[in-house]
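The block underneath contains the structure these notes are about, expressed in structure tokens.
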Amino acid sequence: MSAATLREQVAAERAALRAAYLARPQPRALLKAHAQLIDRTVKAVPGLPAGAALVATGGYGRGELYPCSDIDLLVLLAHEPQSAERESLERLIGTLWDIGLEIGHSVRTVEGCISAAADDVTVRTTLLEARFLAGSRALLRRLEQTLAPILEPAAFFKAKKLEQDQRHAKHQDSPYSLEPNIKEAPGGLRDLQVIQWIARAAGLGRRWSDLVAQGMIEEDEARSLARHEVLLQDLRIRLHYLAGRREDRLVFDVQTALATQLGYADSAHRRASEAMMQRYYQTAKGVTQLNTILLQNLGARLVPEPSAAPQPLNERFRVRGELLETASEDLFEREPLAILESFLLLMQHQQLRGMTAPTLRALYRARGRINAGFRADPLARLLFLQCLQQPRGIVHELRRMNQYGILGRYLTEFGRIVGQMQHDLFHVYTVDQHILMVVRNLRRFTMQELAHEFPLCTELMSGFERRWVLYIAALYHDIAKGRGGDHSHLGLRDVRAFARRHGLAADDRELVEFLVENHLAMSHVAQKQDVYDPEVVQAFADKMKTERRLVALYLLTVADVRGTSPKVWNAWKGKLLEDLYRATRRVLTGEPLARDAALAEKQAEAARLLRLYALSDGVKDRLWASLDITYFLRHDAQEIAWHTRNLHYRVESERPVVKARLAPFGEGLQVMIYTKDREALFARISGYFDRAGYNIVEAKVHTTRNGYALDTFLVMGSGPGAHYRDLISMIEAGLAEEVSSGAALAPPRGGRLSRRVRHFPISPAVDIRPDERGAYHVLSLVASDRPGLLYGIARILARHHINLQTARINTLGDRVEDVLLVSGDALSAPKSVLQLEQELLAELSLPAAAPALGTAPR
């Protein structure tokens with residue numbers, strides 16, 4: 001049969017398998033049928049040398065072949081191939097590729113296989129699943145007999161466990177990624193296969209039922225494993241069919257289509273894809289639980305610890321090796337309070353690194369005893385508060401409590417957000433993982449060895465009494481996500497109930513309620529208002545009322561922003577928050593500066609800095625005479641001194657002056673532009689930075705009394721490796737040329753949208769309203785981020801002759817929240833404002849999306 005005929009036959013049979021599967025999904029049957037199809041096809045291709053064996057390995061060797069997986073083949077030779085045999089093998093492999101089979105092949109002798117297996121646990125694993133296809137059975141048997149002695153079960157167990165630890169570390173030791181790899185991530189298919197490989201190498205069997213017979217797991221656990229395995233297999237099969245290629249990640253592109261296939265539907269407050277992903281996370285959590293139990297049991301069988309009598313810890317618990325163990329198997333059933341006590345003991349005894357497998361199993365089975373009566377027990381409430389008050393181990397044990405379903409049963413409101421996705425374009429964790437990440441960040445502020453990360457936070461935390469109150473606020477700040485409505489207000493009700501149930505003192509109860517309700521307030525003011533305006537600071541201080549509230553909110557805000565995504569936090573946001581904290585503290589501690597006094601102090605500090613450069617006091621006078629009070633309020637002393645040093649001798653310069661320096665707080669570049677004011681200047685500047693690949697994160701735009709624009713921009717490169725110092729000269733020359741240019745504004749460069757933006761866009765919003773003083777208008781913009789967006793906005797403002805006074809550019813992951821202070825005649829006419837809003841909304845809206853992965857264009 002020709003390769004073309006076989007190719008058509010394979011394609012037709014694969015299409016039939018797909019149609020049958022989607023009509024009636026049976027994962028195991030599909031994987032077996034696909035492997036059998038490939039068996040028949042491979043056997044029909046001639047070219048195997050005499051005396052050789054054709055062997056299926058890997059997943060194909062197991063008889064589990066996914067629709068688009070590689071087909072792993074071993075050509076096993078009795079001796080090194082001669083030239084004629086090499087040519088024959090090349091034709092064989094070439095024909096298999098011509099047929100349309102994605103072959104992953106190796107050609108080895110028995111000795112070559114043994115040598116490779118001795119050095120590489122991956123090769124040993126692959127050969128463990130070898131299955132005969134064609135040729136010499138005797139040769140494969142010789143390989144199996146030779147391989148058996150080097151498959152030392154204890155060493156194999158240690159190697160596979162280490163391999164799993166390394167694999168989990170690559171996925172941040174969490175199954176809760178928003179785009180998880182269902183094969184490799186913790187709780188994925190690989191975690192199940194690791195157990196099967198170790199059991200097979202140890203001669204304990206190949207099926208879950210075999211492990212029951214060996215006493216490794218119970219029958220109900222075997223049923224759970226089989227159920228989890230089928231769900232993961234089904235997801236991976238559907239992923240391959242949707243993507244049309246090997247795709248093992250639940251990427252945003254396919255989540256909606258996959259959820260529809262599986263029968264999920266959108267609800268009022270939840271997308272279908274979110275419901276599907278929550279089911280996946282529950283499955284992955286179940287896999288990690290059983291994987292932990294099984295690995296402990298296998299380790300006890302294959303790598304037993306030296307026998308030593310367990311040491312009693314108290315009348316309910318003892319220590320076996322380095323693990324906590326219950327004194328009796330039914331402890332948790334008889335005394336459910338011991339469930340919380342077990343986690344408390346793990347925090348209190350640093351030498352303990354976990355629980356024994358029987359204890360884990362008993363804990364998992366007894367979790368149902370955490371019911372309304374348990375939650376109402378004063379001792380249970382006391383134990384939980386004691387857990388939060390421990391000096392170490394809090395985050396680790398809260399994560400362990402979450403993994404085993406304990407935390408969500410004790411705090412039922414927490415249980416509702418386990419595995420809850422967040423499609424707000426800046427959170428990259430599920431709600432429960434984000435919450436625990438915020439607790440983790442707060443805990444890091446208590447560690448003196450990490451004081452270099454956030455020195456002010458460490459200093460404040462060291463003097464904060466009853467810091468465990470902050471952990472409660474962290475647990476509840478986002479706990480009402482996904483319910484609809486304002487999660488801050490809904491969370492307030494939840495934390496108020498918690499505080500009353502657990503008997504918190506009135507001051508502590510009031511503080512956690514305040515923090516949960518206002519956990520976004522400080523971030524909002526820092527990123528959307530002028531933190532150097534005394535009136536803004538005074539209003540924020542009025543809201544805080546006490547220094548303890550301010551310190552608590554500052555610590556929670558830093559921990560919260562850092563816990564959303566590695567991309568969201570940067571030094572600029574940190575500086576804004578710190579400056580707002582320090583200014584507010586001065587007000588609350590009775591050291592407020594009146595506007596005139598604050599201005600005088602800032603000017604005096606700038607003059608002192610100028611003297612450090614051997615500049616006389618008089619050099620500043622001409623420039624400062626052209627600047628009004630607003631300039632001095634919006635800029636700090638360092639910026640004023642920097643501007644003055646570079647401009648005092650060219651106040652009436654005919655040519656643009658562009659200067660750049662490393663940002664004072666260590667990240668990004670600060671760029672100053674001084675030129676005669678002209679229309680569309682902001683658009684021209686933002687267009688330059690857009691083309692150069694820089695993001696504007698802050699813009700301070702000022703017009704002097706003599707008609708010059710004095711603008712300062714903070715810009716950052718697109719990645720952490722940006723070599724800012726090397727680019728200063730290029731930016732100074734290039735931007736000066738751009739500002740001088742009379743050419744028409746170029747169109748935005750555009751660029752690729754991120755997957756999250758394409759598949760989970762947010763509705764753009766535009767709000768234009770007068771400020772409280774009536775001098776300017778505040779333009780607020782919310783949209784999904786994309787390349788060229790700010791430049792597009794600037795072009796529209798220029799077209800309507802809108803002048804920019806200042807801009808707060810705030811990018812949170814893939815979400816933009818910009819606040820611009822603007823002026824212009826068009827803002828006084830309702831019709832013009834409406835036209836401006838419509839054009840801005842059109843610019844903020846995403847371009848027509850390309851067809852999602854797995855869908856056909858119409």
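Here's the yes/no breakdown for (1) farther than 23 Å from ASP677 by Cβ; (2) within 35 Å of the chain's Cα centre (by Cα); (3) at pLDDT 85 or above:
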position	(1), (2), (3)
VAL715	no, yes, yes
ARG725	yes, yes, no
ILE728	yes, yes, yes
ILE731	no, yes, yes
ALA736	no, no, yes
VAL757	yes, yes, no
ALA783	yes, yes, yes
Taking ARG236 as meeting all but one of (1) at positive phi; (2) under 34 Å from the mean Cα position of the chain (by Cα), write down the number of the exception.
(1)
Which one of these does ARG691 not meet: (1) part of a helix (DSSP H, G or I); (2) modelled with pLDDT of 90 or more?
(2)
Could you run through the range 575-629 and say how many residues are among the hydrophobic types (A, V, I, L, M, F, W, C) and part of a loop (DSSP other than H, G, I, E, B)?
6
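So that you can scan it fast, the table gives a plain yes or no per residue for (1) of a type in the set (Asp, Glu); (2) surrounded by 20 or more Cβ atoms within 10 Å (Cβ to Cβ); (3) assigned to a helix (DSSP H, G or I):
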position	(1), (2), (3)
LYS32	no, no, yes
GLY47	no, no, no
LEU54	no, yes, no
TYR66	no, yes, no
LEU73	no, yes, no
If I ask for residues that are open to solvent by 10 Å² or more (accessible area, probe 1.4 Å) and either in contact with a Gly (Cβ under 8 Å, 6 or more places away or on another chain) or within 19 Å of LEU804 (Cα to Cα) (or both), which ones from the range 663-680 would you list?
PHE665, GLN670, THR675, LYS676, ASP677, ARG678, GLU679, ALA680
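Please indicate, with yes or no, whether at least one residue in the range 332-350 is among the hydroxyl-bearing types (Ser, Thr, Tyr) and not in a helix (DSSP H, G or I).
Going through the range 332-350, the residues among the hydroxyl-bearing types (Ser, Thr, Tyr) turn out to be 342.
Pick out the ones that are also not in a helix (DSSP H, G or I) and you get none.
Looking for residues that are among the hydroxyl-bearing types (Ser, Thr, Tyr) and not in a helix (DSSP H, G or I), one finds none in the range 332-350, hence no.
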Give me a count of the residues in the range 437-468 that are in contact with a helix residue (DSSP H, G or I) (Cβ under 6 Å, 6 or more places away or on another chain) and closer than 30 Å to GLN278 by Cβ.
8
Go through LEU610, LEU623, LEU627 for me and flag whichever is open to solvent by less than 40 Å² (accessible area, probe 1.4 Å), over 16 Å from TYR674 (Cβ atoms), out of contact with any Pro (no Cβ under 7 Å at 6 or more places or on another chain) and at pLDDT 90 or above.
LEU610
Check every one of the helices (runs of 4 or more DSSP H) wholly within the range 441-506 and list those with 2 or more residues that are under 18 Å from ARG549 (Cα atoms) and open to solvent by 10 Å² or more (accessible area, probe 1.4 Å).
455-462, 487-501
Taking the range 120-144, which residues are surrounded by fewer than 17 Cβ atoms within 10 Å (Cβ to Cβ), hydroxyl-bearing (Ser, Thr, Tyr) and touching a strand residue (DSSP E or B) at 6+ places or on another chain (Cβ under 9 Å)?
none
Condition first: assigned to a helix (DSSP H, G or I), of a type outside the set (A, V, I, L, M), open to solvent by less than 50 Å² (accessible area, probe 1.4 Å) and in contact with a Leu (Cβ under 8 Å, 6 or more places away or on another chain). Can you find one or more residues in the range 381-390 that meet it?
yes
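Table: residues versus (1) surrounded by fewer than 21 Cβ atoms within 10 Å (Cβ to Cβ); (2) assigned to a strand (DSSP E or B); (3) out of contact with any Ser or Thr (no Cβ under 6 Å at 6 or more places or on another chain).
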residue	(1), (2), (3)
MET730	yes, no, yes
ALA733	yes, no, yes
GLU737	yes, no, yes
ARG752	yes, no, yes
GLY774	yes, no, yes
PRO787	yes, no, yes
LEU790	no, no, no
ILE793	no, no, yes
ALA807	no, yes, yes
Quick check: anything in the range 261-270 more than 20 Å from ARG167 (Cα to Cα), buried (at least 20 other Cβ atoms within 10 Å of the Cβ) and touching a residue at least 60 places away in the same chain (Cβ under 8 Å)?
no
Just need a number here: residues in the range 513-552 that are under 12 Å from ASP579 (Cα atoms), free of Cβ contacts under 8 Å to residues at least 60 places away in the same chain and either out of contact with any helix residue (DSSP H, G or I) (no Cβ under 9 Å at 6 or more places or on another chain) or not in a helix (DSSP H, G or I) (or both).
1
Please go through the range 242-260 and give me each residue that is open to solvent by 10 Å² or more (accessible area, probe 1.4 Å), in a loop (DSSP other than H, G, I, E, B) and not acidic (Asp, Glu), ordered by number.
GLY244, ARG245, ARG246
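Restricting to the range 172-190, name every residue that is surrounded by 16 or more Cβ atoms within 10 Å (Cβ to Cβ) and closer than 27 Å to ALA300 by Cα.
SER174, PRO175, LYS183, GLU184, ALA185, PRO186, GLY187, GLY188, LEU189, ARG190
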What are the pairs, 6+ residues apart or on separate chains, where a residue within the range 651-669 that is of a type in the set (S, T, N, Q) has its Cβ under 7 Å from a residue that is modelled with pLDDT of 95 or more and surrounded by fewer than 20 Cβ atoms within 10 Å (Cβ to Cβ)?
none
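Of the residues that make up the range 263-281, is at least one among the aromatic types (Phe, Trp, Tyr) and in contact with a His (Cβ under 9 Å, 6 or more places away or on another chain)? Steps first, answer last, please.
Restricting attention to the range 263-281, the residues satisfying the condition of being among the aromatic types (Phe, Trp, Tyr) are 264, 280-281.
Still in the list and also in contact with a His (Cβ under 9 Å, 6 or more places away or on another chain): none.
Checking the range 263-281: not a single residue is among the aromatic types (Phe, Trp, Tyr) and in contact with a His (Cβ under 9 Å, 6 or more places away or on another chain).
The values are calculated or read from the model by the stated rules, or taken from the named source; none is laboratory data. Remember, it's a predicted structure, so these values are computed and weren't measured experimentally. Ideal geometry is used to build each Cβ from the backbone, glycine not excepted, and the neighbour counts take in all protein chains shown. For accessibility, only protein heavy atoms count, side chains too; no ligands or nucleic acids. Shrake-Rupley method; radii C 1.70, N 1.55, O 1.52, S 1.80 Å.
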